[in-house]
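Trainee: Attaching a single structure in structure tokens format; questions to follow.
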Amino acid sequence: MKKGLAVFLGLAGALAVIALFFGGTYNALVSAEETVKQAWAQVENVYQRRLDLIPNLVETVKGYAAHEQETFIAVTEARSKAAGTLSPGMLNDPQKFAEFQESQTALNSALGRLLVIVEKYPELKANENFLSLQAQLEGTENRIAVERGRFNEAAQGFNTRLRKFPANFIGGLFGFKLKEYFKADAQAAAAPKVTF
């Protein structure tokens, strides 16, 4: 009887240790994934701020450069597309994540064309409302870069943890997936041409 009880207690103890190990690994993955989600929420927050600034910027420039309609339409369309790609499920869908990045690249390009227009209108560059909006947009672009970096760090931490044994096994059992990283725009690889 004592031998059976000892075997039972030994097995129960071993199962308890295994359960604690699995539970600890699972909880660590959950914590790391929540860190990624929180970092992503900050990325969305600053992108939304940029989306909110764009209509005011466009309206201010329109007052000075009404004949630049094609650029205004391009900025508005790019903004609309970028706003449409923000979705909570994109963290687990590489295709949606890529679409989001593409829409942000298109928006950056359209904003660049808008700011080129500004160079043609010295009185616009002196307008206080425009200067304030431009400063806010520049600050927002800096925040976007910072938050994208923080998101990549959180995603890297999660991905590293998920790829290590035994978390890869436990993560696979519970449906955890690797997170995508922000990557540089394709145009960033080409050095800009400077002519004098």
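The values are calculated or read from the model by the stated rules, or taken from the named source; none is laboratory data. Values in this document were obtained by computation on a predicted structure and should not be read as measured data. With ideal geometry, Cβ positions are generated from the backbone for all residues, glycine too; neighbour counts draw on all protein chains shown.
Trainee: Answer with yes or no whether ASN108 is out of contact with any Gly (no Cβ under 7 Å at 6 or more places or on another chain) and closer than 21 Å to LYS183 by Cβ.
Mentor: On the way: out of contact with any Gly (no Cβ under 7 Å at 6 or more places or on another chain): yes; closer than 21 Å to LYS183 by Cβ: yes.
Yes, satisfied.
Trainee: If I ask for residues that are touching a residue at least 40 places away in the same chain (Cβ under 8 Å) and either surrounded by 15 or more Cβ atoms within 10 Å (Cβ to Cβ) or hydrophobic (A, V, I, L, M, F, W, C) (or both), which ones from the stretch 111-121 would you list?
Mentor: Step one: list which residues in the stretch 111-121 are touching a residue at least 40 places away in the same chain (Cβ under 8 Å), which gives 111, 113-114, 117-118, 120-121.
Result: LEU111, ARG113, LEU114, ILE117, VAL118, TYR121.
A quick yes/no check of all residues on (1) aliphatic (A, V, I, L, M); (2) surrounded by 16 or more Cβ atoms within 10 Å (Cβ to Cβ); (3) modelled with pLDDT of 85 or more:
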| site | (1), (2), (3) |
| --- | --- |
| GLN48 | no, no, yes |
| HIS67 | no, no, no |
| ILE73 | yes, no, no |
| GLN95 | no, no, yes |
| SER103 | no, yes, yes |
| SER109 | no, no, yes |
| ASN127 | no, yes, no |
| ASN142 | no, no, yes |
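Trainee: Write out, first by first residue and then by second, each pair whose Cβ atoms fall under 7 Å of each other, whose residues are 6+ apart or on separate chains, and whose first residue, in the stretch 19-46, is under 15 Å from GLY175 (Cα atoms) while the second is aromatic (Phe, Trp, Tyr).
Mentor: What qualifies is TYR26/PHE174; LEU29/PHE176; ALA32/PHE158; GLU33/PHE158; GLU33/PHE176.
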